[in-house]
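The structure appears right after this line, and notes come after that.
What follows is calculated from the coordinates using simple rules that are stated; it is not laboratory data. Since this is a predicted model, take the numbers as computed values, not measurements. Cβ placement follows ideal geometry from the backbone for every residue including glycine, while neighbour counts extend to all protein chains displayed.
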Amino acid sequence: MDKIIITGGKQLKGNVIIEGAKNAALPIIAAAILADSPSVIKNVPPLSDVHTMLSILASLGVRSSLDPDKKEICIDPSGIDSWVAPYDMVRKMRASICVLGPLIGQFGKAKVSLPGGCVIGQRPVDLHIKGLRALNVHISVQHGYLEADAPDLQGATIFLGGRFGSSVLATANVMLAAVKAKGTTLIYGAACEPEIVDLAHFLNAMGARIEGAGSHAMAIHGVERMHGVEYNVIPDRIEAGTFIIAGAITQSNITVNNIVPDHMLALLDKLAEAGVPFEVGKDYISVNARSCTFKPIELTTLPYPGFPTDMQAQMMAFMTTVPGISIITEKIFPERFMHVAELLRMAADISLENATAIIKGGYHLSGAPVMASDLRASAALVLAGLVANGETVINRIYHLDRGYFNMEEKLRALGAQIERVPS
Ligand code: EPZ
């Protein structure tokens, strides 16, 4: 397994260009199944998660081709001949569950393996089941699979809020089935993430009729047919936020390009509170953190537009270097703290009280061999390695490759002393 070696202490300088959003691309790739002609999806990062989704589509008979240089995918759903997404593929990636909705919308039936848990916590699917049952889908768990039969898909009024708030992929799955249901579906408590809005834009371009995406109340008027389209995926707000924190934690001046600042307001609010100087442009953010002193912060992760759980680990790495006491509460995935043990190995001072981390920051981090776990925890370890004394070796970086394309090359181009060592 590849690893990354970082020698900390280098200041960064220059520009980085952000990729398309993984969490927008994955449901959009699945949604291409609903069309009766090919789609071309652009600005798609050639990540391992994208390859996994394409291999699941291939197992359904959907041909696709990914041009890694142009970062675009052509998907031809005309050969689709199966509605079964097998365990050995789905277990690799939780997001595979978003083939459930389009298979139901296209075939009226689906058999999708349950994704199982992962290091950030148990990943229930009760809201997916609740939403699809409301659309007159007969769905149940059989031998580790979600088995769905929908001979007569009917629009319905659904409340989709769960005990942790809205669910991104449950909202996506209900959208992906409802676009082909008879009548209108109203989803209350819908997820408002920019990736959901991007999915709605893609579906509407294909001929769907969706209103209210981005709000907690969405209306979906069912249609008979949908056609393939050419579509550009939005930029990745989480990759962008990760590089902005790379600029802050190393007290550097860098510019993060090809982004939508309006998708990052909660993060920018917290960075401003921490005293990070940055300039917001139309499609870029410039961090000017040379010789800055920062302040500790308190934050709680929430569904969008709140502070994103996918930026929690990266913010924690930053706060370990800021003098004072910072408090981070994780409300979306209360167990999402795999990065804490590894940061402690780097001499961070963090204590956990249930879903709250108390960070006593300002001590120098010390480079060490550490283990990547989930993809955002891996990014946090990279950020810590950039400023730690000495050498940090991050093992199992296939976790990082799931969500970050050429991260080490981008950081090296900014001046970091970082290299990937093949196993
Ligand atoms: C999406 O996962 C993202 N993944 C995650 O990003 C992200 O952390 C998460 O949304 C929250 O923003 C993709 O989009 C591919 P949820 P998703 O359903 O949809 C609970 C990354 O690092 N819940 O919004 O699976 C759930 O346990 C990944 O890129 C139920 O209770 O997450 C959690 O506590 C990690 N019942 C909360 O809702 C359900 O049926 C939010 O989860 C479904 C979810």
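Structure data summary
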quantity	calculated
Label point at HIS221 placed 7 Å out along Cα→Cβ; residues across the range 122-165 whose backbone nitrogen lies under 19 Å	154-158
Scaled radius of gyration (Cα, divided by 2.2 N^0.38 Å) that the chain gives	0.97
Nearest-20 debye value, the chain charge dipole, Cβ charges on Lys, Arg, Asp, Glu	320 debye
In range of the label at ARG412: residues from the range 1-35 whose backbone nitrogen is under 19 Å from the point 7 Å along Cα→Cβ	1-19
Proximal aspartates and glutamates relative to LYS22, as straight alpha-carbon distance under 14 Å, when same-chain residues fewer than 8 apart are discounted	ASP49, GLU72, GLU193, GLU195, ASP198, ASP236, GLU239, ASP310, ASP401
Point-to-point label distance, ASN354-GLU419, nm (Cα→Cβ direction, 7 Å offset)	4.8 nm
Centroid-to-centroid separation of the range 256-291 and the range 76-138 [C-alpha atoms, Å]	36 Å
Sorted by Cβ density within 10 Å, fewest first, the residues LEU176, LEU57, LEU66	LEU66, LEU57, LEU176
Neighbour count of at most 13 Cβ within 10 Å plus DSSP loop: longest trypsin sites (Lys or Arg not before Pro)-free window in the chain	71-224
Shape category assigned to the range 116-194 from the gyration tensor of Cα positions, a/c cut at 1.5	oblate
For GLU298, distant residues with modelled amide H under 5 Å away	ILE327
Mean-position separation - Cα centroids, the range 154-184 and the range 357-423, in angstrom	37 Å
Taking VAL99, VAL84, VAL141 and counting other C-beta atoms within 10 Å, the order from fewest to most	VAL141, VAL84, VAL99
Charge dipole (the range 1-64, unit charges on Cβ, about Cα centre) - positive-most of ILE29, ASN43, GLY9	GLY9
ALA21 long-range amide H proximity, modeled H, under 5 Å	ILE234, ASP236
Inter-label distance, nm, simple model (7 Å from Cα along the C-beta direction), VAL141/ASN258	4.0 nm
Spatially near lysine pairs across the range 52-164, Cα under 26 Å, sequence gap of 8 or more or different chains	7
